[in-house]
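Values quoted throughout were computed directly from the atomic coordinates according to the rules given, and no laboratory measurement underlies them. Everything numeric in this text was worked out from a predicted model, so none of it was measured. No Cβ is skipped: glycine too gets one built from the backbone with ideal geometry, and neighbour counts run over all protein chains shown.
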Amino acid sequence: MFSIEKWRNGEKWTNWAGNVISYPSEMYLPHSIDEVSAIVKHACQSGKTIRVTGAAHSFSAVAMPEHIAISLHNLRGLIAVNEERQEATLWAGTYLYEIGPMLAKHGFALINMGDIQEQTIAGAVSTGTHGTGVTLGSLSSAVQAWGFVDGTGTYQEHRRGMDDLSEALHVSLGMLGVLVKVTIKVVPLYGLHYVGARETLTNGLSLFAEDIRQHRHVEWFYFPGSETIQVKRMNAVAPVFQSEWNKKIETLKLQIVENGAFFAMSELCKWKPGLSGAMSKIAAANVVESEKVGISYEIYPSPRSVKFQESEYAIPLSQFEACLEEIHATFKKGTFNVHFPLECRTTAGEAGFLSPTQGRESAFIAFHMYKGMAEEPYFKWVHTLMQKYEGRPHWGKQHHLTAQTVYALYPEIEKFLSIRHQYDPEQIFFTGYLKKLFLL
């Protein structure tokens, strides 16, 4: 969670995972668009770069500030709701966990969410943060209009259309400017019927293609080397709120079982990595089958108190079964000491020069390693494997991309960079990390 007390010049900045650290010389908490504009103009005059750090819930250095760090913590809240268009305009610093209750008061809800809700809406739409559902896109796909301060300090507004600027803004990594307002498509308030089940991998793979079409949301947790998977299915129902008592019991169960017990297991694996395979099988055997109904924004998220490193890739949906079978075969050999389950989700294909889906229905596979355990050999293997399956990484997760691979994976990259330069001619949003990714 963001801490104002630690937001001081020269203070250490770190991401959620703790693997990226920097000491920005200037840190700002603007209260208005004019203040953002003044900070940008100052950066231009002083030759410094800017990063908007969001909630820092990232695993790559995408949000790492070099010189100037901006937090939009004071630019939060619901600005307006257009009932006729079913759109809501938010200040870009609004945290995802704040949006659901705000929209519910007007009878609306987000179309979809992931299972982590600590991010800001600016960070989420700038990196292509997603949930699951083969008919549903990322949070970026819900954006109808962007309000941003460009690299000259000028406030710009742009409504989505069939144009190159929309394609560039879709997933921009903050390289076109400081996003200060976001207008998103919303839907009438709805509930979710959640069913969590323990199933065999063989059965899951055989029914996967059918299953993801029959349910609004399907999410898998594959336990490395185990023949058991956890499958979470959710479908929209009429709005219904859980009782406060049920929410407290549900939270307690998650904290004790899924976080407390898993933390102890993770510490054991860090102490003796060779136990990872056995711990994975124990975790799989103890998957709790459950069912609940509640309002959508209360059902989507799950608390994550066990720290980890993560790499996530989008592959063509048609390749999911073959890819997972190869992953399973590798874990059966005991090649890697991994007890953290792999998270498997689906999304619709969507537009955007930097969208990992590149217009195709995709399966996202997320690979995790407990914080403090050696993730590099594992993630290096992941990167090599994903190349075989035409994988593109989530920009906010760890990856092994270079400028050469970015150019190979994103055919419209030169269009994106041309537009980027137009809106940031002094390159104040172009940090050293980003230059390594986007300059040949």
Using a Cα-Cα cut-off of under 17 Å, which aspartates and glutamates could be cross-linked to Lys248, ignoring same-chain neighbours fewer than 8 residues away?
Glu258, Glu291, Glu298
For region 295-344 and region 1-28, distance of Cα centres in Å:
29
Once Lys and Arg get +1 and Asp and Glu get -1 on their Cβ, which of Leu78, Tyr190, Val288 lies farthest toward the positive end of the dipole of the chain?
Val288
Whole Å is fine, so just give me how far the alpha carbon centre of region 47-122 lies from that of region 180-209.
22
Only counting other Cβ atoms within 10 Å, I'd like Lys380, Lys41 sorted with the fewest neighbours first.
Lys380, Lys41
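Suppose R0 equals 30 Å; then what is the FRET efficiency for Arg8 and Ala285 from their Cβ-Cβ distance, rounded to the nearest 0.05?
The pair Arg8/Ala285 has a calculated efficiency of 0.05.
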Counting other C-beta atoms within 10 Å, which of Thr431, Thr228, Thr402 has the fewest, and how do the rest follow?
Thr402, Thr228, Thr431
Determine, for each peptide in 353-360, 150-157, 56-63, the mean count of other beta carbons within 10 angstrom over its residues, then list the peptides with the highest first.
56-63, 353-360, 150-157
Relative contact order of region 201-391, please, whole-number percent, based on alpha carbon pairs below 8 angstrom and at least 6 residues apart.
27
If I fit a long axis through the Cα atoms of helix 376-388 and take the longest principal axis of the Cα atoms of the chain, what angle between them do I get, 0 to 90°, rounded to 10?
90
Residues of type lysines that Lys332 reaches as a straight line, Cα spacing below 28 Å, ignoring anything fewer than 8 places off in the same chain:
Lys232, Lys270, Lys272, Lys281, Lys307, Lys371, Lys380, Lys388, Lys397
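Fewest first, what order do Cys44, Cys323 take by the number of other Cβ atoms within 10 Å?
Working: Cys44 18, Cys323 21.
With the sparsest Cβ surroundings first, the list reads Cys44, Cys323.
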Cα-based helix-to-principal-axis angle, 201-214 vs the chain, degrees rounded to 10:
50
Taking the highest mean first, how do the peptides 415-425, 88-98 order by number of other beta carbon atoms within 10 angstrom per residue?
88-98, 415-425
Using only DSSP helix segments of four residues or longer, with each worth -39500 (n - 2.57), what per-residue ellipticity at 222 nm results for the chain after dividing by its residue count and rounding to 500?
-9000 deg cm²/dmol
